[in-house]
Amino acid sequence: MDSSCIFCRIIRGESEAERVYEDEKVLVIRDINPQAPTHLLVLPKKHVASADHVGEDSGIWSDLMKAAAKVARDMGLPEQGYRLVVNCGRRAGQTVPHLHVHLLAGRPFRWPPG
């Protein structure tokens, strides 16, 4: 855990967030600046700065994707469709240096994004 990381503080319960799902490896919260009617953040509890820093611990991806799919199913999102997004680095839109997956739903999305 990183004491300066807002997501680490949320995971530890030191900062507020609306928790949607939690297991031993992952926490899912609502984004405070939603870009869609449903905008959740899927966070590994282990601090990893970005996708570029996952390295040998590739099980993190499996943990994140399983949690995202479970939450999406529980919310009935597969019927309407949803998008999973990972930004890596500031120029790609990553504003918090803690790996996370955006789960977005509830509106049409275009391609290409951004």
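The values are calculated or read from the model by the stated rules, or taken from the named source; none is laboratory data. Predicted model only: the values in this text are computed from it and were never measured. All Cβ positions, glycine included, derive from the backbone under ideal geometry; neighbour counts span all protein chains shown.
More than 17 Å from H102 (Cα to Cα) and modelled with pLDDT under 95 - does that describe any residue in the stretch 66-80? Scanning the stretch 66-80 turns up at least one residue that is more than 17 Å from H102 (Cα to Cα) and modelled with pLDDT under 95. Kindly provide the set of residues from the stretch 67-113 that are of a type in the set (D, E, K, R), within 25 Å of C8 (Cα to Cα) and part of a loop (DSSP other than H, G, I, E, B), ordered by number. Correct list: empty. Set side by side, the residues Q94, Q35 differ, and just one is in contact with a Cys (Cβ under 8 Å, 6 or more places away or on another chain) and within 24 Å of P113 (Cβ to Cβ), which is Q94.
Being over 14 Å from L43 (Cβ atoms), of a type outside the set (K, R), more than 11 Å from the chain's Cα centre (by Cα) and at pLDDT 95 or above, is that true of even one residue in the stretch 90-103? Among the residues of the stretch 90-103, not one is over 14 Å from L43 (Cβ atoms), of a type outside the set (K, R), more than 11 Å from the chain's Cα centre (by Cα) and at pLDDT 95 or above, which makes the answer no. Contact map, the stretch 25-48: first residue under 15 Å from V86 (Cα atoms), second residue polar (S, T, N, Q), Cβ cut-off under 9 Å, separation 6 or more or different chains; pairs are H39/N33. Considering every residue within the stretch 59-70, establish whether at least one is surrounded by fewer than 18 Cβ atoms within 10 Å (Cβ to Cβ) and touching a His at 6+ places or on another chain (Cβ under 6 Å). Within the stretch 59-70 (the criterion being surrounded by fewer than 18 Cβ atoms within 10 Å (Cβ to Cβ) and touching a His at 6+ places or on another chain (Cβ under 6 Å)), the answer is no, since none of the residues qualifies.
Which of the residues belonging to the stretch 21-59 are of a type in the set (D, E, K, R), under 19 Å from C88 (Cα atoms) and more than 12 Å from the chain's Cα centre (by Cα)? Those that are of a type in the set (D, E, K, R), under 19 Å from C88 (Cα atoms) and more than 12 Å from the chain's Cα centre (by Cα): K46, D52, E56, D57. Once the stretch 33-58 is narrowed to residues that are of a type outside the set (D, E, K, R) and over 23 Å from S4 (Cβ atoms), the residue that is surrounded by the fewest Cβ atoms within 10 Å (Cβ to Cβ) is S58. Taking A51, is it of a type outside the set (K, R) and touching a residue at least 24 places away in the same chain (Cβ under 8 Å)? The answer is yes for A51.
Under the condition of being within 19 Å of P37 (Cβ to Cβ) and of a type in the set (G, A, S), the residues counted in the stretch 93-113 number 2.
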